[in-house]
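Single-structure report; data block below.
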């Protein structure tokens with residue numbers, strides 16, 4: 001891992017929040033600045049300035065670094081937007097000026113050196129101090145608002161993705177319902193007991209929620225177990241109809257469960273473990 005030197009003390013914290021992850025990506029990939037230059041198209045000297053806080057990396061350089069490091073560029077690009085605002089309102093660093101003292105950069109290649117930039121003195125204005133303060137406060141408020149909006153947008157996108165995935169999983173786990181095009185099917189019960197639980201050879205579920213109009217092998221499994229427990233649901237057709245609902249209520253009444261005619265966790269447990277009547 002590279003032995004990084006301290007970032008400039010005057011560097012804004014939001015700019016640091018961008019540079020530190022870039023340094024970590026470089027360390028994780030065990031890349032030199034020359035290798036970064038070959039992979040990204042930005043020179044080794046440029047990467048030296050970017051990673052030492054002497055120059056703000058372009059958006060494309062940040063995206064290229066994320067791609068090389070196998071990281072999602074979204075978060076880094078949000079940090080770059082925030083850092084760019086801070087950089088624009090903070091000090092300006094001249095990185096291409098010829099004057100300056102060459103120093104060794106311990107985290108880059110031994111033969112690559114950086115130029116320590118000189119800062120142009122700020123011209124003092126005897127008047128307008130309060131105006132500058134007001135402009136600075138306004139700029140800070142604007143940047144904070146933009147930063148909050150960007151962070152909120154990223155979180156909202158993540159929440160939407162999770163919600164869409166949850167809905168897809170819910171749809172995949174929900175049993176089908178009765179339709180006019182349904183072809184009648186008669187299932188065969190093959191009752192057997194394993195580890196103290198009864199199975200009919202049609203489904204091994206213990207948590208699928210079944211209710212009126214649901215169809216499929218899970219319903220047929222429940223119908224077989226209802227018959228074994230002494231509550232006939234009629235034909236084993238895999239259709240959750242009035243007879244099946246009545247049989248479920250009978251089992252729930254007998255076993256002291258909530259009598260709602262819906263097969264849930266408690267009713268499945270009763271079906272799997274009930275003694276025959």
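The values are calculated or read from the model by the stated rules, or taken from the named source; none is laboratory data. This structure is a prediction, so every number in the text was calculated from the model and none was measured. Cβ placement follows ideal geometry from the backbone for every residue including glycine, while neighbour counts extend to all protein chains displayed.
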Contact list, first residue from the range 1-21 and farther than 13 Å from residue 50 by Cβ, second anywhere and part of a helix (DSSP H, G or I), beta-carbon distance below 6 Å, six or more apart or interchain, is 1/27; 2/27; 12/86; 14/82; 14/83; 14/86; 17/79
Counted residues, the range 10-34 - those being on the phi > 0 side of the Ramachandran plot and either surrounded by 16 or more Cβ atoms within 10 Å (Cβ to Cβ) or not assigned by TED's automatic domain parsing to the domain that holds residue 52 (or both): 0
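Which one of 7, 76 is within 31 Å of the chain's Cα centre (by Cα) and crowded, with 17+ Cβ neighbours inside 10 Å? First the steps, then the outcome.
On the way: 7 fails: crowded, with 17+ Cβ neighbours inside 10 Å.
That would be 76, the only listed residue that is within 31 Å of the chain's Cα centre (by Cα) and crowded, with 17+ Cβ neighbours inside 10 Å.
Kindly provide the set of residues from the range 213-254 that are on the phi > 0 side of the Ramachandran plot and without any contact (Cβ under 8 Å) to a residue 40 or more places away in the chain, ordered by number.
Start the filter on the range 213-254 by keeping residues that are on the phi > 0 side of the Ramachandran plot, which leaves 213, 216, 230, 234, 238.
Across the range 213-254, the qualifying residues are 213, 234.
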What number of residues within the range 40-60 satisfy the criterion of being farther than 22 Å from residue 6 by Cβ and in contact with a helix residue (DSSP H, G or I) (Cβ under 7 Å, 6 or more places away or on another chain)? 4
In the same structural domain as residue 55 (by TED's automatic domain parsing) and modelled with pLDDT under 80, is that true of residue 78? no
Within the range 226-250, considering residues that are buried (at least 20 other Cβ atoms within 10 Å of the Cβ) and more than 43 Å from the chain's Cα centre (by Cα), the one farthest from residue 214 (Cα to Cα): 229
